[in-house]
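Reviewing the structure listed below.
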Amino acid sequence: MFIRALLIVLVAVSARCAEGLALPEVLKTADSKVIKSPEQWRQDRRPQILELFKEHVYGRAPVGRPDDLRFEVTETRSDFMGGRATRKLVDISFSGPGGEGRIGLIRFIPNKAPKPVPAFLLICHRGRDNIDPSRQVKEPFWPAEEIVSRGYAALTFHVSDVDPDNYDEFKDGVHGIFDPPGAERSGDAWGSIAAWAWGASRVMDYIETDADIDDERVAVIGHSRGGKTALWCGARDERFAFVISNDSGCTGAALARRKQGERVADINKNFPHWFCENYNEFNGKEENLPVDQHMLIALMAPRLVYVASATEDTWADPKGEFLACVEASPVYELYGMKGLGVKTMPEPDTPVQIGHIGYHIRSGSHNLTLFDWRCYMDFADKHWGKSNE
Ligand code: GTR
C-alpha cells in the first residue's frame with residue numbers, strides 16, 4: 001500500500017504538460033532519472049511501466065505458457081476461396097489446477113504466396129458469424145478473402161474460448177483454470193482483457209510451430225475491447241511485430257486524463273470483469289493514475305503500432321487516441337526512428353503512415369471496416385515489403 005502511494009506521488013512530481021494535460025513522463029523513471037538511450041529504456045523504464053500497468057490496470061496473469069500446451073491440427077483443406085487458400089483448424093489446449101481449456105484457431109493461408117507469409121491475427125469478441133470458418137458469411141470485420149488476396153495469412157480466435165465476456169466472479173474461462181484454487185483474489189489479479197491477451201500469446205506459441213507463417217511478421221489486431229486486448233498483448237509479448245488498436249478508446253489507446261467520452265469509472269462499473277480490482281481506485285481520479293495510455297503505446301517501441309479512431313466514435317475519444325500516439329513518439333525517437341511524425345490531427349480518411357506509429361480517423365461509427373483493414377495492410381506492406389498472393 002505504502003509503495004503504491006509513493007509511486008503515485010512520484011508520478012505526480014514527474015508530470016508534464018501536453019495540450020494542457022499533466023501526463024506522467026514516459027522517458028523519466030519513478031525516481032526522476034531521465035532516459036537517454038534505448039538501453040536505458042529497456043533496462044530501467046520499460047519494465048517499470050509494464051509493472052505499473054499490471055499492478056494498477058490490467059492485472060497479473062498467474063501463468064505464461066502452460067507446460068502441457070498442445071496444438072492439434074484438426075483439419076487441413078486447400079480448396080478454400082476458389083482454390084486460393086488453405087484452411088487449417090487448430091485446437092490449442094492446456095490444463096491447470098481448475099481444469100482444461102481449448103482455444104479454436106481458424107487460419108487461412110494464401111496457397112500461391114511464397115512461404116513463410118506474414119500474418120494478421122484478429123482477436124474477435126463479436127458474434128462468431130463475423131469469423132465464419134466456412135466463409136458462407138463474409139463480414140468486413142474479418143475480411144479473410146481480402147487479407148489472403150494481399151498475400152497475408154488471416155488468423156482469428158474468439159475471446160470466449162479463453163474467457164467468456166461476462167462477470168461471474170472470475171469462475172469461468174482461464175481464470176477458473178489457472179487461479180490458485182481456494183485462494184482469495186488479489187487486487188492485481190488478471191481481468192478478462194489480460195486473459196484474452198494471454199490467449200493471443202498462446203496462438204503465437206502455435207504460430208512459432210507453423211512453417212508457413214513468418215513468426216517475425218505477425219500483427220495482432222482487435223476492435224474496441226479487442227483493441228484494448230491487442231495493445232496489452234503487444235505490450236507484454238514482444239513476439240508480435242505489429243500491434244493494431246481499432247477504436248479501443250478508454251483503457252486502450254485514449255488518454256485517461258482527458259476525461260472525454262468513456263471514463264475509468266464508467267468502464268469499471270459497466271465491465272467489472274475487464275480489469276484488475278485495483279483499477280477501481282482511479283474511478284473519477286484519473287489524474288492519480290501512475291500511468292497514462294501513451295505509455296502503453298510506447299511499450300511497442302521499436303515495433304510497429306497503429307491506432308485508428310472513427311469520427312462518430314466520441315465515446316472512444318478520437319483526439320485522446322491521437323494524442324497518445326504523439327506522446328508515445330519520443331520513445332521511437334530514442335531509437336532514431338520516427339514515431340507518429342505529426343502533431344496535428346489529420347483530416348478524416350487520410351492515414352498518417354510516415355513513421356513507425358500509424359494513425360487514421362475514419363469517417364463513420366464505432367466499427368472495424370474494410371477501410372480500416374486496408375490501411376493496416378498498406379502500413380504492413382510499407383514496412384514488410386509488399387506481399388503477393
Ligand atoms: C463499449 C465500451 C467500450 C468498448 C466497446 C466494445 O460500450 O464502453 O469500452 O470496449 O464497448 O468493446 O464494443
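The values are calculated or read from the model by the stated rules, or taken from the named source; none is laboratory data. Owing to the predicted nature of the structure, the values given are computational and were not obtained by experimental measurement. Heads up, the Cβs are rebuilt from the backbone with ideal geometry, glycines too, and the neighbour counts pull from every protein chain shown. The area values use the complete protein model at the heavy-atom level, side chains included, leaving out ligands, DNA and RNA. Shrake-Rupley method; radii C 1.70, N 1.55, O 1.52, S 1.80 Å.
At a glance:
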item: Residues of segment 130-157 classified as within 21 Å of ILE92 (Cα to Cα) and open to solvent by 10 Å² or more (accessible area, probe 1.4 Å), total; result: 4
item: Count of residues meeting criterion [at pLDDT below 55 and charged (D, E, K, R)] in segment 5-34; result: 1
item: From ILE354, ILE244, residue being within 19 Å of the chain's Cα centre (by Cα) and among the aliphatic types (A, V, I, L, M); result: ILE244
item: Any hit, segment 267-284, residues being in contact with a His (Cβ under 6 Å, 6 or more places away or on another chain), of a type in the set (S, T, N, Q), open to solvent by 10 Å² or more (accessible area, probe 1.4 Å) and over 22 Å from MET377 (Cβ atoms); result: yes
item: Given (1) closer than 23 Å to ALA195 by Cβ; (2) crowded, with 22+ Cβ neighbours inside 10 Å; (3) away from the ligand (no atom under 16 Å from the Cβ), index of the condition TYR306 fails; result: (1)
item: Among residues of segment 313-336, those that are touching a strand residue (DSSP E or B) at 6+ places or on another chain (Cβ under 6 Å), more than 16 Å from the ligand (Cβ to nearest atom) and among the acidic types (Asp, Glu), counted; result: 1
item: Looking only at segment 220-230, and only at residues there that are more than 10 Å from the ligand (Cβ to nearest atom) and within 18 Å of ARG362 (Cβ to Cβ), the one that is surrounded by the fewest Cβ atoms within 10 Å (Cβ to Cβ); result: ILE221
item: Test for GLY261: is it away from the ligand (no atom under 16 Å from the Cβ), modelled with pLDDT of 95 or more and open to solvent by 10 Å² or more (accessible area, probe 1.4 Å); result: no
item: Segment 354-389, subset under 25 Å from GLU25 (Cα atoms) and in a loop (DSSP other than H, G, I, E, B), residue farthest from the ligand (Cβ to nearest atom); result: ILE354
item: Cβ-Cβ under 7 Å pairs, at least 6 apart or on other chains, segment 231-253 side within 15 Å of the ligand (Cβ to nearest atom), far side assigned to a helix (DSSP H, G or I) and open to solvent by 10 Å² or more (accessible area, probe 1.4 Å); result: GLY249/TRP315
item: The one condition in (1) open to solvent by less than 30 Å² (accessible area, probe 1.4 Å); (2) within 16 Å of the ligand (Cβ to nearest atom) that SER160 fails to fulfil; result: (1)
